[in-house]
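Structure first, then comments.
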Amino acid sequence: MPLRRSVVRHAHVGKPRALNSLLEPRALLEIALLPAALPLLLQAPRGDGHPVLLLPGFLADENSLIALRLFLQRKGYAVHTWGLGRNLGFRSKHASALPQKIRYLHHVTGRKVSLVGWSLGGVFSLYGAESTLDCVRSIITLGSPVSVDAAGSQSPTAIKALYRLVSHRLGAAAHVMQPRAKTLRERRRLAVPTSCLYSLGDGVVPPQEATIDGDPALHENIRVPGSHLGLGFNGIVLAVVADRLAQPEGAWLPFRPQGLLGRVWRMSTGSAHDGAGSEAI
């Protein structure tokens, strides 16, 4: 069997392309087109009923996760949202509440929990999982700034200013200074299957921050089409999430899209890559 190539971050440098940032309102079109993805979603694999915890992005609440929640519930998962209201950035309550939520779901269901975080919610999922690895089955991030560079966040200036205004005067850099962010700061990866979905069309989080370096036996970067604000309503993204959640516990394999999903994924990303090795593309 050939050796898998290492999982590496995307090679993009600097901020997202300015045009992508200007075109973020196209998320409304992605929402409108979601019904057209019904054939793809119907073919997505059904789940085994294990608990899935959804975490919203910055300034969003549980309502932003409605498409993910309804879709995954119909696929047979026990879907939960974080229950902490609107995501206004990292607060001290998150440091204890998220691990407690994960442990509670693990305790009441008797099964490990999968975490799905959109944008900043993906970073929160890593925070929560770090101290509850025995309770976590897998992690999926959607356009999340999961990799930290010494130069700091390369998100657009307006986004960083908004974060400082709402959450912390030091902006996203404040997360990096948290003791609990040591794993991100040192680029150590959790020993749990982790799928980082990212888009070259993302106008908020650049691809080098939304992807990770890691072990191909546990970690992967999966390129998807679309905007940052539309990821949770993107039919291809929903189908990829279902594919990843359906991986058997203890027998996780990197993304290898087959059938209709494989055809649509390759066509939408403009790549003949089959997902094996899951390096950034």
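Output the residue which, of all residues in the stretch 50-59 that are open to solvent by less than 20 Å² (accessible area, probe 1.4 Å) and under 17 Å from the mean Cα position of the chain (by Cα), is farthest from N234 (Cα to Cα). By that ranking, first place goes to P51. Taking (1) part of a helix (DSSP H, G or I); (2) among the basic types (K, R); (3) more than 24 Å from S155 (Cβ to Cβ) in turn, R26 satisfies each apart from (3).
Number of residues in the stretch 189-210 that are within 19 Å of G230 (Cβ to Cβ) and either open to solvent by 10 Å² or more (accessible area, probe 1.4 Å) or of a type outside the set (G, A, S) (or both) equals 11. Within the stretch 101-129, being more than 20 Å from V148 (Cα to Cα) and open to solvent by less than 20 Å² (accessible area, probe 1.4 Å) holds for I102, L105, V113, S114, L115.
When each of L88, L120, L55 is tested for being among the hydrophobic types (A, V, I, L, M, F, W, C), at pLDDT below 95 and in contact with a strand residue (DSSP E or B) (Cβ under 9 Å, 6 or more places away or on another chain), the lone residue that passes is L120. Do we find that L34 is part of a helix (DSSP H, G or I), hydrophobic (A, V, I, L, M, F, W, C) and either touching a strand residue (DSSP E or B) at 6+ places or on another chain (Cβ under 9 Å) or open to solvent by less than 30 Å² (accessible area, probe 1.4 Å) (or both) in this structure? So L34 does not fit the description; no.
Scanning the stretch 240-247 finds one or more residues that are at pLDDT 95 or above, part of a helix (DSSP H, G or I) and of a type in the set (D, E, K, R).
If I ask for residues that are crowded, with 16+ Cβ neighbours inside 10 Å and either among the acidic types (D, E) or under 14 Å from the mean Cα position of the chain (by Cα) (or both), which ones from the stretch 130-145 would you list? If the condition is that a residue be crowded, with 16+ Cβ neighbours inside 10 Å and either among the acidic types (D, E) or under 14 Å from the mean Cα position of the chain (by Cα) (or both), then E130, S138, I139, I140, T141, L142, G143, S144, P145 are the ones that fit.
For the stretch 77-87, the set of residues classified as part of a loop (DSSP other than H, G, I, E, B), crowded, with 16+ Cβ neighbours inside 10 Å and more than 17 Å from the chain's Cα centre (by Cα) consists of Y77, L84, listed by residue number. Taken over the stretch 1-60, the residue count meeting the criterion of being among the basic types (K, R) and either touching a Gly at 6+ places or on another chain (Cβ under 6 Å) or more than 23 Å from V146 (Cα to Cα) (or both) is 4.
Output the residues belonging to the stretch 232-258 that are of a type in the set (F, W, Y), open to solvent by 30 Å² or more (accessible area, probe 1.4 Å) and touching a strand residue (DSSP E or B) at 6+ places or on another chain (Cβ under 9 Å). Listed by number, the list holds a single entry, W252. Considering the stretch 146-160, the residues that are aliphatic (A, V, I, L, M) and modelled with pLDDT of 85 or more include one that is least open to solvent (accessible area, probe 1.4 Å), namely V146.
Here's the yes/no breakdown for (1) in contact with a Pro (Cβ under 6 Å, 6 or more places away or on another chain); (2) aliphatic (A, V, I, L, M):
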position: R86; (1), (2): no, no
position: H107; (1), (2): no, no
position: G121; (1), (2): yes, no
position: A129; (1), (2): no, yes
position: T132; (1), (2): yes, no
position: S138; (1), (2): yes, no
position: S147; (1), (2): no, no
position: K160; (1), (2): no, no
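Considering (1) farther than 30 Å from L28 by Cα; (2) among the aliphatic types (A, V, I, L, M); (3) at pLDDT 90 or above; (4) not in a loop (DSSP other than H, G, I, E, B), the lone condition that A174 does not fulfil carries the number (3). Checked against the criterion of being open to solvent by 70 Å² or more (accessible area, probe 1.4 Å), in a helix (DSSP H, G or I) and not small (G, A, S), the candidates R46, R69, R5 yield just one match: R69.
The values are calculated or read from the model by the stated rules, or taken from the named source; none is laboratory data. For clarity, every value in this text was computed on a predicted model and none was experimentally measured. So basically every Cβ, Gly included, is an ideal-geometry build from the backbone, and we count neighbours across all protein chains shown. Calculation scope for accessible area: heavy atoms of the full protein, side chains included, ligands and nucleic acids excluded. Shrake-Rupley method; radii C 1.70, N 1.55, O 1.52, S 1.80 Å.
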